[in-house]
Every structure is written in structure tokens, then in C-alpha cells.
Amino acid sequence: MVETYELERKIQDEETKKIWASIDNEFLDKCEKHRQWYLNFTKKEHHPISYQVKKEVEEWERSAPLFKEFDDLQSIWLYLCVAYMIGTFSIGLLLVAYMLG
């Protein structure tokens, strides 16, 4: 007597074989070759305009005032945070000195 698990397994194996037999391997090989060609073509160092784009981005970063404003804001916030920390630390020290003395 054959168990249902074995029958299901045989049916699944047959369906898997049918699916594998229906796959067009030549088409898959062509697709894989085209994919490899595309990946090689679009590599940054081989792409035809990658050098030009990189040059334009670097020039824009140097000349863009937005980056300078961000740098200025960053330094201002850094100074404000340091001043706040020093102020709260000194107030804390004064309170500790008052409580001890």
C-alpha cells in the first residue's frame, strides 16, 4: 500500500520535471549574456559619460552655495551646543559648591 505522502511526492516530482522541460535554455543563455554585457557596459569606470558626470558633480559641489550654508550651520550648531554644555556644567558646579559649602 502506498502512502499519500509518497503519492504527493511523486506528483510533485513529475510536475517539477515538466516545468524544467518547458524552460527554454537557449533564451535563458541569451538573457544571461545580455545581462553580463549590460553590467559590464554600465560599470562606472567603463561607462561613456561617467567621467563627465563625475566632473560635473564635483564642480557643482565646489560652486554650490548650499553646501557652504550647511557647513556654516553645522559649525554654528556645534558652537551653540558646546556653549550650552559649558553653561549647564558651570551651573551644576556652582550648585554643588553651594550645597557643600
Checklist outcome for this item: Rounded to the nearest whole number, the Stokes-Einstein translational diffusion coefficient of the chain at 20 °C and 1.002 mPa s (Kirkwood radius, C-alpha pairs) in µm²/s is 96
Checklist entry - Say the dipole of segment 1-63 comes from +1 at the beta carbon of Lys and Arg and -1 at that of Asp and Glu; which of VAL2, TRP37, SER22 then lies farthest toward its positive end? => result TRP37
Item to check | Proximal lysines relative to LYS30, as straight alpha-carbon distance under 30 Å, when same-chain residues fewer than 8 apart are discounted | outcome: LYS17, LYS18, LYS43, LYS44
Next on the checklist: Straight-line reach only, C-alpha to C-alpha below 21 angstrom: list the lysines that LYS68 could link to, leaving out same-chain residues fewer than 8 apart.
Outcome noted: LYS54, LYS55
Checklist entry - Which value in deg cm²/dmol, rounded to the nearest 500, describes the helix-derived mean residue ellipticity at 222 nm for the chain, given -39,500 (n - 2.57) per DSSP H run of n ≥ 4 and division by the residue count? => result -29500 deg cm²/dmol
Checklist entry - Under a point-charge model restricted to the Cβ atoms of Lys and Arg (+1) and Asp and Glu (-1), what is the dipole moment magnitude of the chain relative to its Cα centre, in debye to the nearest 20? => result 360
Checklist entry - Considering the chain as a Gaussian network with a 10 Å cut-off on Cα pairs, which listed residue, ASP71, ASP24, ASP13, attains the greatest mean-square fluctuation? => result ASP13
Checklist entry - In a GNM of the chain with a 10 Å cut-off on Cα contacts, which of GLU69, GLU26, GLU15 has the highest mean-square fluctuation? => result GLU15
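Tell me the net charge near LEU7. Cut-off is 12 Å between Cβ atoms, LEU7 excluded, with +1 for each Lys or Arg and -1 for each Asp or Glu.
Counting the neighbours of LEU7, the net charge comes to -3.
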Checklist entry - Taking the chain as a Gaussian network, where each spring joins two C-alpha atoms under 10 Å apart, which residue of GLN74, GLN52, GLN12 fluctuates the most? => result GLN12
Checklist entry - By Kyte-Doolittle mean hydropathy of at least 1.0 and Cα axial length of at least 30 Å, which whole DSSP H helices of the chain are selected? => result 65-100
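Any read-out appearing in this document is the output of simple, stated calculations on the displayed coordinates, not a laboratory observation. Values in this document were obtained by computation on a predicted structure and should not be read as measured data. Positions of Cβ are generated from backbone atoms using ideal geometry, with glycine treated the same way; all protein chains shown enter the neighbour counts.
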